[in-house]
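Peer 1: Just passing along the structure, written as structure tokens.
A short reminder: the numbers here are calculations on the coordinates, not readings from a lab. None of the values given here were measured: they were computed from a predicted structure. Cβ atoms come from the backbone with ideal geometry, glycine included; neighbour counts cover every protein chain shown.
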Amino acid sequence: MTNKVRVLLAEDHTIVRQGVRRLVEEESIEVVGEVDNGQDAITRAMELSPDVVIMDISMPIMRGIEATTRIKKDVPGTKVIILTIHDEENYLFGALDAGADGYVVKGEDIKILLEAIETVMAGETYLSPEVPVDAIEKYEKHKKSGKPTDEFSRLTLREREILQLIAEGYTSKQIGEKKFISVKTVENHRANIMNKLDIHETAGLVRYAIQIGLVDLDMER
């Protein structure tokens, strides 16, 4: 790459984030910032307008997929590459629905990530070699059908954010403070989430969030 690409890293595991930084900087890519959650990824992307955000999926406060949706809307010139351990189709479809420009599975050689950066900077979509070859065909059929992939797809972006915070153990008051909304609004969102998912108690919401990978069992607040 002849022009220096400006990259923001969004990854909650420090050792992984530092490792990616070292590897890309060896290729004359400038890392302009690092964050460890999706909410901060949005804030820093709006402040820095990086060329590329390298985004993990499973992060506290807000997942990478929801953060990608916001960044693609609020900083449209920025490309987003999802870098994740997940190679399942539902994660890929969620990332593509969010507007991600690239999808790379962790464990790949650094050359794959560099190839992904170069590809998205050229205006094309990049998918990891680990992604099944028929994944795009399945995704296009899914889009044409107009049907949600699962119950989670029925939730609005705000409801997804609230569900994650509920599952991470935050109270309605704490969620309201984080999202700058009233407790009543949080409770309304909680009720809507329960109705859409047909889950009517908090413990069930937590189990559901863990089951779909919205939060990790070992994720610390």
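Peer 1: Using only Cα atoms and rounding to the nearest 10 degrees, what angle (0 to 90) does helix 157-167 make with the longest principal axis of the chain?
Peer 2: That helix lies at roughly 70 degrees to the long axis.
Peer 1: Rounded to whole Å and sorted largest first, list the principal axis extents of the Cα atoms in segment 1-114.
Peer 2: Taking the Cα atoms of segment 1-114, the three principal extents are 32, 30, 25 Å.
Peer 1: Ranked highest first by average number of other Cβ atoms within 10 Å, how do 124-134, 155-165 line up?
Peer 2: Numbers: 124-134: 14.8, 155-165: 20.2.
Packing order, densest peptide first, comes out as 155-165, 124-134.
Peer 1: Mind telling me which of THR185, THR69, THR78 comes out most flexible in a GNM of the chain, alpha-carbon contacts under 10 Å?
Peer 2: THR185
Peer 1: Using the number of other C-beta atoms within 10 angstrom as an exposure proxy, rank MET46, MET194, MET62 with the fewest first. Working shown, then result.
Peer 2: Numbers: MET46 13, MET194 17, MET62 23.
Listed from fewest to most nearby Cβ atoms, that is MET46, MET194, MET62.
Peer 1: Given 20 °C and 1.002 mPa s, compute D for segment 151-211 with the Stokes-Einstein relation, Rh being the Kirkwood radius over Cα pairs; round to the nearest whole µm²/s.
Peer 2: Details: Rh = 11.3 Å.
Here the translational diffusion coefficient equals 190 µm²/s.
Peer 1: Here is a further query. Give me the extension gain from VAL133 to GLU108: residue separation times 0.36 nm, minus the current Cα-Cα distance, reported in nm with one decimal. Before the final figure, lay out the partial values.
Peer 2: Numbers: separation 25, 0.36 × 25 = 9.00 nm, distance 1.63 nm.
Full extension of this stretch gives 7.4 nm more.
Peer 1: About its Cα centre, what dipole magnitude does the chain give when the only charges are +1 on Lys and Arg Cβ and -1 on Asp and Glu Cβ, stated in debye to the nearest 20?
Peer 2: That gives the chain a dipole magnitude of about 960 debye.
Peer 1: Starting with the fewest neighbours, write out ASP74, ASP12 ranked by other beta-carbon atoms found within 10 Å of each beta-carbon. Write down the numbers at each step before the final one.
Peer 2: Numbers: ASP74 11, ASP12 19.
Fewest to most other Cβ atoms nearby, the residues stand as ASP74, ASP12.
Peer 1: Can you tell me the orientation of helix 38-48 relative to the chain, as the angle in degrees between its alpha-carbon axis and the longest Cα principal axis, to the nearest 10?
Peer 2: Between the helix axis and the principal axis of the chain, the angle is about 50 degrees.
Peer 1: Separate question: R0 = 35 Å: FRET efficiency of SER49 with LYS173, Cβ-based, nearest 0.05? Mind showing how you got there, number by number?
Peer 2: Values: r = 34 Å, r/R0 = 0.97.
FRET efficiency, SER49 to LYS173: 0.55.
Peer 1: Do the sum for the chain: with -39,500 (n - 2.57) for every DSSP H run of n ≥ 4, divided by all residues, what is the mean residue ellipticity at 222 nm, to the nearest 500 deg cm²/dmol? Kindly include the intermediate steps, with their values, before the conclusion.
Peer 2: Details: 10 runs with 111 residues, N = 221.
Per the formula, -15000 deg cm²/dmol.
Peer 1: Quick check: the angle from helix 202-211's long axis to the longest principal axis of the chain, C-alpha only, nearest 10 degrees?
Peer 2: Around 20 degrees separate the two axes.
Peer 1: So, one more: So which trypsin sites (Lys or Arg not before Pro) in segment 12-98 end up in coil per DSSP with only 16 or fewer other C-beta atoms within 10 Å? Numbers along the way, then the final one.
Peer 2: Numbers: sites: ARG17, ARG21, ARG22, ARG44, ARG63, ARG70, LYS72, LYS73, LYS79; in loops: ARG63.
Filter output for segment 12-98: empty list.
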